[in-house]
Each structure stands twice: as C-alpha cells, then as structure tokens.
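The values are calculated or read from the model by the stated rules, or taken from the named source; none is laboratory data. Nothing here was measured: the structure is a model prediction, and the numbers come from that model. Here the Cβ positions follow ideal geometry from the backbone for every residue, glycine too, while neighbour counts run over all protein chains shown. For the accessible areas, the whole protein counts, side chains as well, though only heavy atoms, and no ligand, DNA or RNA atoms are used. Shrake-Rupley method; radii C 1.70, N 1.55, O 1.52, S 1.80 Å.
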Amino acid sequence: MKIAVISGRFGLSGVPLAQQRLAKAFSKRGHQVDLIYGAINSDSNLPNSNDMRIICLNKTRVIGMLAKLTIYMIKEKPNVIFSAGDHLNVVVLVAKILSFQSIKVSCSSRVTPYDTYKGKIFSKNWILKQISKILMNKADVLSCVSKEMVGQYQKLFKNSKHMHIYNPINLDEISVNAKEKNFHPEFCKHPDQKIIVAAGMLERWKGFHDLIDAFKIASRNSDLKLYILGEGSQRNFLLNQIKKQNLSRKVFLLGAVTNPIKYFSSCDLFVLSSYVEGMPNVLIEALACGCTVVSYDCETGPKEVLNKNNGYLCKTGNVIELAEKIKYGIENPISKDLARTSIESFYEENVVMKHLKSLNIQI
C-alpha cells in the first residue's frame, strides 16, 4: 500500500515528530511511504531515511502547498494520506477534490478547536471554520489526539464524526535513544543531586515561567537542578527570570535537542507546565522512559494519561501546588515499570491497528 504522511513544517516539535514516527511505523510494516513537509524550520535539517521517501515542497505557508499536493496526488496516486493540523487538513481535502483521485484521507486535529476556530465573524479563523464544516464529510477519518478534544469538536461542529487516535510511541526506538550518553556540557548530576527535566517550545503557553517560580520554592533546602529543553521566543525572558531569581547555577536552558529521550531517562522528575495541549508527546515519552511525572491539569491531554497511580496532577496556573507536587514527586517516585505500562494505548502497534481499522483497511 502506498501511504503519504504530511506535515506543514519539519522541526523539533510535537506534530512533525509525531508524523515522522507514524510514517516510520507504516514503512517498517512494508508499506511504501512518502513523508511530505511543506517547509523545514531554519534551525532544523531535513531528516534522512533509507526506508521511505522524504519530500519538501518548499512552501512556508500551508495554503501554498495546495498546487503541489494536487499534482502529487495526480502523479503518485497514494492509497492513503494522513495529514495533521486543521489548516493543513483543509488544504489536503481541497487537493483531493481537485485531483479527482480516489484516495482515503485521514485528518488528525492536534490542538483544541476553541483556539483554532476562535475569532469574530469574517475573521480568518471564522472562515476556516465555515470551510471545515463543508469539507469534513470529504475526509474518510477525522481524529483527535485526545478523547477530551473529541468532545470539544462534537460541541463545536454539529454531527461531528471525530474519534480519538493517539500519536504512536516506539519503545524499541526509545530504548536505543535512552542509551546515548553524549549530553549537553551543562547537564551534569552529582550522586546526591536530583535532576528535573522539562521540554517544549519556549513560548508563553508552555508555562516555563511558572515552572521556574515553582522550582525556586521547591528547591529551597534541596539540591535540585532544572533543565529545560527547547527553543523559542521566550528564551531571553526566561533567562532574565532565572537571573533575577538567582537561579543561574540551578536552572539551565539547553536549547533544542535532537534526542530528548536520553535526558528523560537520566532525570529524577519530568514536569509539564503547559497551559494548553492537545496530547503532549513529551509527557508520553517521559512515561515511556519510566519517569515520575508532575503535570498541570490543562484542558486536554494530561488527565487522560495520568492518575494517582502513575503520576501527579495539579491545577493549571497554581505555582504553589506545582512546587508542592515537585517536592512530593522527588520524594515519592513512581515505579518505572508502572509508568511504562500505563501508556499501552500509545504503543505503536496499537495506534497503527486503530488507524487501519478506522479506514476499513484489512490488516
């Protein structure tokens, strides 16, 4: 079977990395796979693969991908297309119509529709919503990466047929990446020291400013270090916050890293401080590494994964509670085996099977 997996951009962030894992999963099972990106982020390089074809359309805007995707569908005639993100989903569905090809299309939504479609009448987001209403029935599958998001789409769109299909986790790949020991020069751990790791784009909605405040409280009279992986527009803001709170020897921004798994596997605690998520891939990866996890209970994602047995949730935006849960998590680590087995629904085999079943493809 010929499969195309499409993402708007490639970079070291959730959606393109999840699409890459999905493409690898199908390729590994003997399918002919094209992994297609609209553009490559300036801080990233196009990934290499001997098992699948990787295509860059060199279009920085999703709408700019329309013509090339239409030509691709006419020439290459894939059996199935997997796209991710509401803007891209619309473009892919329009391209399918223009190509006059019989292609099964699975469209995945990755962020809350309340953000994607918010806006006044005739705004860009309002127009996108109207177009989406018209095109939704052209998709063979509409999915979300969390159950809670499915409920949101059902509230926003009458007769929505969205279902939840998680992003896949490859445990073998995680095991290999966990063994790598070439760390950032600032990442070091002494025997009596506890390490906290967080990861994500350095943007306001990731809540790293809250995490730094909570860390200052939690680290009093404790030998803790915090390492934040990722890059973004808030780097200087966070560096100033770290400096003002005299945390320069305890809190480190390591920038974008190609292998966050080795950091997750080497830490004592992983913290997710996001104000909003679809389904945070880093949280699932951290659990797959056997991490003890503390997370804000943001609207979709974390509560679907964490419970009192495999992690610690706290109210979103409550810095004091976050600090308390960090201290408690350090003192009361979760069993590594329990953390890993609690995410079976995300295992690659289970996700691939659900995708194929949703498309009525014989396994």
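The helix-only estimate of mean residue ellipticity at 222 nm for the chain, built from DSSP H runs of length n ≥ 4 each weighted as -39500 (n - 2.57), is -11500 deg cm²/dmol after division by the residue total.
Return one quarter of the surface area of the convex hull spanned by the alpha-carbon atoms of region 162-261, equal to its mean projected area, in nm².
Dividing the Cα hull surface by four gives the mean projection, 8.6 nm².
This model, with +1 at the C-beta of Lys and Arg and -1 at the C-beta of Asp and Glu, gives region 231-342 a dipole about its Cα centre of some 440 debye. Computed about its Cα centre, the charge dipole of region 1-81 is approximately 180 debye, with only Lys, Arg, Asp and Glu carrying charge at their Cβ.
For region 19-72, the pair-distance distribution built from all alpha carbon pairs, in bins 10 Å wide starting at 0, is 23, 48, 28, 1 percent.
The accessible-area ordering, largest first, of the residues GLU186, GLU331, GLU324 stands as GLU331, GLU324, GLU186, per a 1.4 angstrom probe. On a per residue basis, the convex hull of the C-alpha atoms belonging to region 147-204 measures out at 175 Å³. Taking the inverse of the mean 1/r over every pair of distinct Cα atoms in region 35-167 gives a Kirkwood hydrodynamic radius of 15.7 Å. Packing around the peptides 306-316, 187-197, 27-37, taken as the average count of other Cβ atoms within 10 Å per residue, puts them in this order, highest first: 27-37, 306-316, 187-197.
The GNM of the chain, with springs linking C-alpha atoms under 10 angstrom apart, assigns the highest mean-square fluctuation among LYS243, LYS216, LYS59 to LYS243.
What is region 279-360 by shape, rounded, prolate or oblate, if you read a ≥ b ≥ c off the alpha carbon gyration tensor as root eigenvalues and call it rounded for a/c under 1.5, prolate for a/b larger than b/c, and oblate otherwise? Since a/c reaches 1.5 but b/c is at least a/b, the shape of region 279-360 is classed as oblate. Pairs of Cα atoms in region 205-363 fall into 5 Å distance bins, from 0 up to the last occupied one, in shares of 2, 9, 17, 20, 21, 14, 7, 4, 3, 2, 1, 0 percent. The ellipsoid that matches the Cα gyration tensor of region 8-50 has semi-axes, each √(5λ) in whole angstrom, of 20, 10, 8, with the longest given first. Taking every pair of distinct Cα atoms and averaging 1/r, then inverting, what Kirkwood hydrodynamic radius in Å comes out for region 95-171? For region 95-171, the Kirkwood estimate is 13.6 Å.
Stretching the chain fully between ILE127 and ILE54 yields a gain of 23.1 nm (0.36 nm per residue, less the alpha carbon separation).
Dimensions of region 208-287 based on its C-alpha atoms, expressed as ranges along the principal axes with the largest first, amount to 32, 28, 23 Å.
I'd like the distance separating the alpha-carbon centroids of region 303-363 and region 16-71, in whole Å. Answer, in whole Å: 28.
Look at (1) -0.37, -0.61, -1.03; (2) -0.56, -0.71, -0.96; (3) -0.31, -0.51, -0.90: the one that is log10 I(q)/I(0) by the Debye sum over Cα atoms at q = 0.07, 0.09, 0.12 Å⁻¹ derived from this structure is (3). The Cα atoms of region 241-305 give a gyration tensor whose axes a ≥ b ≥ c have a/c of 1.5 or more with a/b no greater than b/c, which makes the shape oblate. Per residue, the chain exposes 47 Å² of solvent-accessible protein surface, assessed with a 1.4 angstrom probe and all protein chains in place.
Placing unit charges on each Cβ (+1 for Lys and Arg, -1 for Asp and Glu) gives the chain a dipole about its Cα centre, and among VAL351, THR116, HIS164 the Cα reaching farthest toward its positive end belongs to THR116. For region 5-106, the gyration tensor built on C-alpha atoms gives an oblate shape. Its axis ratio a/c (a ≥ b ≥ c) is at least 1.5, and a/b is not larger than b/c.
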